[in-house]
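Please find one structure pasted underneath; my questions will follow.
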Amino acid sequence: MTSIILLSVFGIVNLFVGFLKSKKILLPLALLFLIVVFGVNLLAWNNTQTYFNNMLTIDNYAVAFTGIMVLTTLLILPFSQSYIDAEDENLAEYYSLLLFSLVGAIMMVAYENLIMLFIGIEILSIAMYVLAGSNKRSLRSNEAALKYFLMGSFFTGVLLFGIVLIYGATGTFDITEIGAANVMADGTTNTMFTMGLLLLVIGISFKIAAAPFHFWTPDVYEGTPTFFTTFMATVVKTAGVAAFYKLMNAAFEGSFTAWFPTIIAITVLTLVVGNIGAVIQPSVKRMLAYSSISHAGYLLMTLVAFNDLSENAIFFYSLSYALASVMSFGILKLVEDAREGNHSFAAFNGLGKTNPLLAFVMTVSMLSLGGIPLTAGFFGKLFVFSAVIETGNLMWLVVLAVVLAAIGIYYYIKVVIAMYMQPAGENTKVPVSGFATLVLIICAALTVLLGLVPGLVSNML
Amino acid sequence: MITALLLFWPALAALLVLLIKGQGAKKVAFVAALIEFAIAILATTGFDAAGGRMQYELNLPWVENAGIGFHIGMDGISLLMVLLTTFLVPLIILSAFNHDYKNPNAFYALILFMQTGLIGVFVALDAFLFYFFWEVALIPIYFIAAIWGGTNRIKVTLKFFVYTVFGSLFMLAAFVYLYFQTGATDAAAHSSDVQAFYQLALSAESQSWIFWFLFIAFAIKMPVFPFHTWQPDTYTESPTQATMLLSGIMLKMGIYGVLRWLLPVVPMGVSQWDELVLVLSIIGIVYGSVIAIRQHDLKRLIAYSSIAHVGLIAAGIFTLNEQGLQGGVIQMLSHGINVTGLFFIIDIIYRRTNTREITSLGGITQNAKALSIFFMILLLGAVALPLTNGFVGEFLLLSGVYQYNAWFGAVAGLTIILSAVYMLRMFQGVMFGTKSEHTDAFTDLTFNEKAVLIPLVIMVFWIGLFPNTFLSISEPAVGNLLNIINR
């Protein structure tokens, strides 16, 4: 709760600091704010509190996912160097919007009431609609913002409709009470309830870019300035999946049979579309967009499993995916800035020679996304597969995921090949700020650390 | 403790080598690899083969509260594999001394780093730890082959990488499944320890599909026909050192995996499918040999001969009798030594003549007496002439296959005739006859080259004349393995 208040206050303070002439102070200040929030958030560990007449619960689940999201934002911010250098960028506003959207993200993992879920999603999304279009003079950025906004509002409507139908069937917005009402007990059918449930699932599937509601993702990810794409791919996705699991676990455990076929269909489609789609992409940015769809698929596998291993699997997978994405999108942004906006595979040619550190970190990131041991991504995949295999009757899903994961290696390795095995040609050294270097080293170190001793965080929840 | 030292010393040394600029890196790497070999020798002297139990064990929790342990240790089979690895790696590093690879520090650091992965595979006694090192060994070899390899390297190594990861992910899925079958009475008692896997009592149906999940991973690595398609191209395009690592040591990972994680874990699955595996292996023997006869490129010829030899090893161990298994273990050592030596000799010839085409070579014996002798000895080892190491292994393997099925034994026996055909044909074309423009100014071996070949040749005779030194180390462990399989 304190983190929500602090973030809101800090967001406003940030706006006012923006009136200062020098933009140099903004980044250190924003980082400081986030470090404070990260620390304050941890204080709530093992100390469950509810707020606003049981609208929000800050329990360990909320604290853990808030931790991932604040940490991720903290790691993303240093990549805004090009905005600090540019004269006409509204850096203070960008930072404030990111802080505000983080408030929405926290509400999405701490909600106890469907209204709070809706408000959280809206706070998060509206900031993202603006940021998607922050590159005002770029046609692609404008297209991204418009597309994201129109599709987003449509699916928010679907979500809201779902909430209303659920209210109609149960008479409450409180997820625990919905769970307790257990409308579908004894195998009774309730059309209103089932329809509401389905619409809720569709609404959230859109937010985490699960197929077949993913069509906006490649275009929006590509058009949005890479700095904000990083945020979209990490924080927004983590919040969405955490909210999804919490919803299903608290409110709809009793109606498992009603939503299970839908979820499994969405999961399989997401895995297939994400992995196959990524293979044929011409640019690294679009490849990463499709890869983020595929990772939504792996995360959804925990929902399909829906057992005692799911929570920890989601947590570990989200953390490893967030770290890897900060590295990959961060380096993509640095490379893109140095190559006049070119984010094709060729832009990475020879990076191993011009910037050995960047190439190494990018390799760690690609291996982690691909799920190769020595990296956190391996244990992420292992825990997800474990959760599914424990159910005992879904071996076919694991086999499918395994085949698709092998395909995944192919497109991740393409980046590594470009970096180490293609000549640099006209590609020059990519300038990297000190902050960004530090962040990349931290992310790579954490990824390898979690790849060696996953026990550090694998059993927290 | 000594196992942990064996495991982590190369990785530490790799970090050290990485810091050294220039060509000094190779000397440091060589010394580090020699130290590793000394540690392995030390482990051997304190090793008590009788009883075949695990020794030098270390068992620490790895993933808390989940029954996943950092469990390492060695029995006789592991020890022989560790000895092979630690013996070959210094020689492989030494064999690169005449090359001036760019970024030598990265090159040698990757070789040492890979050694950690290889040792890890051979000493891991926890399924997930085994999988972990299995992939850790793959990453460095991919980079070595893909960065320092030949012109077509990128496409070829990508195929190799995706192919092997594809196989090993199936193994991972099978391990996770087995992990959940352990401690069935108590959900909190899951364990991925090798002993827990051995105690599983699974139904014949589930053993049947788990067999395939595991077998695909190992078969791709070995490679067994028809999973071999990545192998000839990868061997040919890789730099010689990577080829040596791949053929000399890495393919043994697959065979070792069968011994440790397939046969004892799903014995009923094996008994359902062993006939098919034997047939595939024997097809591999004939197929590899016949294609080797038709090759003009020396490296490809040895690559295909390797398919044939590994086919025989695979056939031998799936017979599940003592001769077959013991022959498989000893032949792993012999094949590792012979194939490493042969690839090195091809490298020597290639660097002096810039060609690997048999037709454009010839008459080398006139200029290089020492090379001819070493080449001949290693070649006879590969052909399995009595008194050489190949004879011991192939004899045991063939007698194992013969016990299983006389007809299989007869067809598999073709390997000896066919390998004599392609090997001697190669030797004739390359070493005898008239000199060509490429071999006109051929110089004999340098000191460094002799330093690599002499230890290899000593081993050819040692295993050939006194195989009991090694057979006695693995025999009790193989006996244990058979007890578990036949329980």
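The values are calculated or read from the model by the stated rules, or taken from the named source; none is laboratory data. Predicted, not measured: the structure shown is a model, and the values here were computed from it. Don't worry about glycine lacking a Cβ; one is built from the backbone with ideal geometry, like all the others, and counts go over all protein chains shown. Protein only, heavy atoms only, side chains kept; ligands, DNA and RNA dropped before computing areas. Shrake-Rupley method; radii C 1.70, N 1.55, O 1.52, S 1.80 Å.
In region A:387-416, which residues are among the hydroxyl-bearing types (Ser, Thr, Tyr) and facing another protein chain (nearest Cβ under 9 Å)?
Here is the first cut: in region A:387-416, the ones among the hydroxyl-bearing types (Ser, Thr, Tyr) are A:391, A:410-412.
If the condition is that a residue be among the hydroxyl-bearing types (Ser, Thr, Tyr) and facing another protein chain (nearest Cβ under 9 Å), then A:Tyr410 is the only one that fits.
Condition first: open to solvent by 20 Å² or more (accessible area, probe 1.4 Å) and closer than 24 Å to A:Ala62 by Cα. Now tell me which residues in region A:114-163 satisfy that.
Scanning region A:114-163 gives A:Ile115, A:Phe118, A:Ile119, A:Glu122, A:Ile123, A:Ile126, A:Leu160.
Quick check on region B:264-285: of everything there that is open to solvent by less than 10 Å² (accessible area, probe 1.4 Å) and part of a helix (DSSP H, G or I), which residue is farthest from B:Asn405 (Cα to Cα)? Outline the logic, then answer.
Here is the first cut: in region B:264-285, the residues open to solvent by less than 10 Å² (accessible area, probe 1.4 Å) are B:264-266, B:269-270, B:277-278, B:281, B:284-285.
Then drop every residue that is not part of a helix (DSSP H, G or I), which leaves B:269-270, B:277-278, B:281, B:284-285.
Numbers: B:Gly269: 19, B:Val270: 16, B:Val277: 13, B:Leu278: 10, B:Ser281: 14, B:Gly284: 17, B:Ile285: 16 Å.
Across region B:264-285, the extreme among qualifying residues is B:Gly269.
Among A:Phe378, A:Phe383, which is the only one that is open to solvent by 10 Å² or more (accessible area, probe 1.4 Å), touching a Leu at 6+ places or on another chain (Cβ under 9 Å) and among the aromatic types (Phe, Trp, Tyr)? Break it down into steps so the answer makes sense when it comes.
On the way: A:Phe378 fails: open to solvent by 10 Å² or more (accessible area, probe 1.4 Å).
None of the other options fit; the residue is A:Phe383.
Still on this structure, I have one more. Just to be sure, is A:Met55 in contact with a Phe, Trp or Tyr (Cβ under 9 Å, 6 or more places away or on another chain), in contact (Cβ under 8 Å) with a residue 12 or more places away in the chain and of a type in the set (A, V, I, L, M)?
On the way: in contact with a Phe, Trp or Tyr (Cβ under 9 Å, 6 or more places away or on another chain): yes; in contact (Cβ under 8 Å) with a residue 12 or more places away in the chain: yes; of a type in the set (A, V, I, L, M): yes.
Yes, satisfied.
Here is a further query. State all residues of region B:88-133 that are at the interface with chain A (Cβ under 10 Å from one of its Cβ atoms), open to solvent by less than 10 Å² (accessible area, probe 1.4 Å) and out of contact with any strand residue (DSSP E or B) (no Cβ under 9 Å at 6 or more places or on another chain); if no residue qualifies, say none.
Once the filter is applied, which keeps residues that are at the interface with chain A (Cβ under 10 Å from one of its Cβ atoms), open to solvent by less than 10 Å² (accessible area, probe 1.4 Å) and out of contact with any strand residue (DSSP E or B) (no Cβ under 9 Å at 6 or more places or on another chain), region B:88-133 yields only B:Gly117.
Within the group B:Ser208, B:Ser247, B:Ser191, which residue is hydroxyl-bearing (Ser, Thr, Tyr) and at pLDDT below 90?
Details: B:Ser208 fails: at pLDDT below 90; B:Ser247 fails: at pLDDT below 90.
When all the criteria are applied, what remains is B:Ser191.
With within 14 Å of another protein chain (Cβ to nearest Cβ) and open to solvent by 10 Å² or more (accessible area, probe 1.4 Å) as the only criterion, which of B:Leu42, B:Leu60 stands out?
Numbers: B:Leu42 fails: within 14 Å of another protein chain (Cβ to nearest Cβ).
Unique residue meeting the criteria: B:Leu60.
Is it fair to say A:Gly425 is open to solvent by 10 Å² or more (accessible area, probe 1.4 Å) and part of a loop (DSSP other than H, G, I, E, B)? Reasoning before the result, please.
Details: open to solvent by 10 Å² or more (accessible area, probe 1.4 Å): yes; part of a loop (DSSP other than H, G, I, E, B): yes.
For A:Gly425, the condition - open to solvent by 10 Å² or more (accessible area, probe 1.4 Å) and part of a loop (DSSP other than H, G, I, E, B) - is met.
Would you mind finding the one in A:Leu369, A:Leu404 that is surrounded by fewer than 24 Cβ atoms within 10 Å (Cβ to Cβ), at pLDDT 90 or above and part of a helix (DSSP H, G or I)?
Values: A:Leu369 fails: surrounded by fewer than 24 Cβ atoms within 10 Å (Cβ to Cβ).
After applying the criteria, what remains is A:Leu404.
When the residues of region B:134-150 are filtered to those that are open to solvent by less than 10 Å² (accessible area, probe 1.4 Å) and within 9 Å of chain A (Cβ to nearest Cβ), which remaining residue is farthest from the chain's Cα centre (by Cα)?
Taking region B:134-150 first, the residues open to solvent by less than 10 Å² (accessible area, probe 1.4 Å) are B:134-138, B:140-142, B:144-146.
Narrowing further to those that are within 9 Å of chain A (Cβ to nearest Cβ): B:134-136, B:138, B:142, B:146.
Details: B:Trp134: 13, B:Glu135: 15, B:Val136: 16, B:Leu138: 13, B:Tyr142: 16, B:Ala146: 20 Å.
Checked region B:134-150; the qualifying residue farthest from the chain's Cα centre (by Cα) is B:Ala146.
A further question follows. What helices (runs of 4 or more DSSP H) completely inside region B:151-223 contain at least 3 residues that are within 12 Å of chain A (Cβ to nearest Cβ) and either charged (D, E, K, R) or crowded, with 23+ Cβ neighbours inside 10 Å (or both)?
Numbers: elements: B:153-181, B:194-198, B:204-221.
Of the helices (runs of 4 or more DSSP H) lying wholly inside region B:151-223, those with at least 3 residues that are within 12 Å of chain A (Cβ to nearest Cβ) and either charged (D, E, K, R) or crowded, with 23+ Cβ neighbours inside 10 Å (or both) span B:153-181, B:204-221.
Answer yes if at least one residue in region A:174-187 is assigned to a loop (DSSP other than H, G, I, E, B), in contact with a helix residue (DSSP H, G or I) (Cβ under 9 Å, 6 or more places away or on another chain) and buried (at least 18 other Cβ atoms within 10 Å of the Cβ), and no otherwise.
yes
Something else about it: Does A:Val398 satisfy the condition of being crowded, with 22+ Cβ neighbours inside 10 Å, assigned to a helix (DSSP H, G or I) and free of Cβ contacts under 8 Å to residues at least 24 places away in the same chain?
Numbers: crowded, with 22+ Cβ neighbours inside 10 Å: yes; assigned to a helix (DSSP H, G or I): yes; free of Cβ contacts under 8 Å to residues at least 24 places away in the same chain: yes.
Spelling it out, A:Val398 is indeed crowded, with 22+ Cβ neighbours inside 10 Å, assigned to a helix (DSSP H, G or I) and free of Cβ contacts under 8 Å to residues at least 24 places away in the same chain.
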